[in-house]
Structure formats: C-alpha cells, structure tokens
1. If you go through the range 119-128 one residue at a time, how many are surrounded by 22 or more Cβ atoms within 10 Å (Cβ to Cβ) and more than 15 Å from Gly14 (Cα to Cα)?
2. Give the number of residues within the range 50-84 that are polar (S, T, N, Q) and over 14 Å from the mean Cα position of the chain (by Cα).
3. Residues of the range 29-63 being more than 30 Å from Arg106 (Cβ to Cβ), at pLDDT 95 or above and either of a type in the set (S, T, N, Q) or not in a helix (DSSP H, G or I) (or both), which ones?
4. So which of Val99, Val66, Val131 is open to solvent by less than 40 Å² (accessible area, probe 1.4 Å) and in a helix (DSSP H, G or I)?
5. Exactly one of these conditions fails for Ser2: (1) over 15 Å from the mean Cα position of the chain (by Cα); (2) at pLDDT 95 or above; (3) farther than 24 Å from Pro129 by Cβ; (4) among the small types (Gly, Ala, Ser). Give me its number.
6. Which of the numbered conditions does Leu153 fail, given that it passes all the others? Conditions: (1) within 20 Å of Val16 (Cβ to Cβ); (2) without any contact (Cβ under 8 Å) to a residue 60 or more places away in the chain; (3) not small (Gly, Ala, Ser).
7. Report every pair of residues separated by at least 6 positions or lying on different chains whose Cβ atoms are under 6 Å apart, first residue within the range 41-57 and of a type in the set (S, T, N, Q), second open to solvent by 30 Å² or more (accessible area, probe 1.4 Å).
8. Look through Arg106, Arg114 and report the one residue that is modelled with pLDDT under 95, open to solvent by 40 Å² or more (accessible area, probe 1.4 Å) and either under 19 Å from Ala45 (Cβ atoms) or among the basic types (Lys, Arg) (or both).
Amino acid sequence: MSLRRGLWASLAAGAVILALIPSIAQYGLFSPLNLSMMSALVAVAVVAFRYFSRAVGSPLFDKIGVAVISAAAAGVVMLWAGIDLGAAVIAIAYWGEPVMGYFIYRRLEAGLWRAVFLASAAAYAYTLPLVLLGLWQIPELADAVKVVALIALLRPSAPGTFRVR
C-alpha cells in the first residue's frame, strides 16, 4: 500500500511540474506563483518519500532521499531570497531522482510502464537544467511521459503492478 501511495504522490508532483515548467518560462523563476508551486513540490516530495521509504526499506534510499529533498528545499529557499543560484541547486538535486526511482522500479512488476517510468524520470531529471536556458519543452515532455507511466502503473487493470519484493 505504501508503494501505491508513493506513486499517487509522485503523480501529484508530476502534475504540478507540468504546470510549473511552462509557467517558469512565461513568468520567471521569481514569480510568487512559481515559488509557491516549487514550495508545494517540496512538501509533496516529503510525502512521497515517506511512503516510498516504507515500501523500499533501504537505508541507502533514505540517505539519498534526505539529501535530494534537502537540496531541493534549500534551492527553493534561495529562490525565495532572490538568489539565482537556487535554480541550479534545485536542478542538480533532481539528478538524484532517477537513483531513487531505481529503488522504486525494482519493486514494480516487470513491464513496459516500469521501464518508461524510470527512463522518463531520468530524462526529466537530467534535462531539467535546460529550463534555465529557455529549452523548457524538453523536460516538460519527459515529465509528461512520466505522468503517463505513473497513470498506467496506477490503473487497477494492471495485475501485479504493485508487487513488493
């Protein structure tokens, strides 16, 4: 059940990201709306992490998760303070997402959507810095694919999708 709840939290984060990335392109990093969405993402990340931590049961996952979320939160605080470097801190923090995703990937039944989930998480995380260069469409597309994979993994007709090893 913790794995499923973590996937739902990840889906919520993915939906916020789908709104956030084009909003950053339109209104900039320091828009109060965008800063609020980034703050909400940190809160959702904490919720997802708590669920996934229970499902994964790995001290390494927990250490990586704390580091990733703490770095992302620090980046958001920096942006609220008007420090541009916060955006780079957030982008670099997201590089830990695919590493964490691998722990989750291992708990899912083998199949196409499991592979799409991990590949799209990696594509999103590793292309996120492109937003800072105005190439927001690339990580946006990767996040959209991840959202589709999460929806597919959460659909009730996928027998055994949530097998925990």
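The values are calculated or read from the model by the stated rules, or taken from the named source; none is laboratory data. All of these numbers come straight from a predicted model, not from anything done at the bench. All Cβ positions, glycine included, derive from the backbone under ideal geometry; neighbour counts span all protein chains shown. Ligands, DNA and RNA are stripped out before the accessible areas are found, and what is left, the full protein with its side chains, is counted by its heavy atoms. Shrake-Rupley method; radii C 1.70, N 1.55, O 1.52, S 1.80 Å.
1. If we filter the range 119-128 for residues that are surrounded by 22 or more Cβ atoms within 10 Å (Cβ to Cβ), which is where we start, we get 120-121, 124-125, 128.
Add one more test, that the residue is more than 15 Å from Gly14 (Cα to Cα), and what stays is none.
Within the range 119-128, residues that are surrounded by 22 or more Cβ atoms within 10 Å (Cβ to Cβ) and more than 15 Å from Gly14 (Cα to Cα) number 0.
2. Here is the first cut: in the range 50-84, the ones polar (S, T, N, Q) are 53, 58, 70.
Next, from what is left, pick out any that are over 14 Å from the mean Cα position of the chain (by Cα): 53, 58.
Adding up the residues that qualify gives 2.
3. Correct list: Phe30, Ser31, Asn34, Ser36, Ser39.
4. Numbers: Val99 fails: open to solvent by less than 40 Å² (accessible area, probe 1.4 Å); Val66 fails: open to solvent by less than 40 Å² (accessible area, probe 1.4 Å).
Every option except Val131 fails the conditions.
5. The one condition Ser2 does not meet is (2).
6. (2)
7. Taking only residues 6 or more apart or on different chains, the pairs are Ser53/Asp62.
8. Values: Arg114 fails: open to solvent by 40 Å² or more (accessible area, probe 1.4 Å).
Of Arg106, Arg114, the one residue that is modelled with pLDDT under 95, open to solvent by 40 Å² or more (accessible area, probe 1.4 Å) and either under 19 Å from Ala45 (Cβ atoms) or among the basic types (Lys, Arg) (or both) is Arg106.
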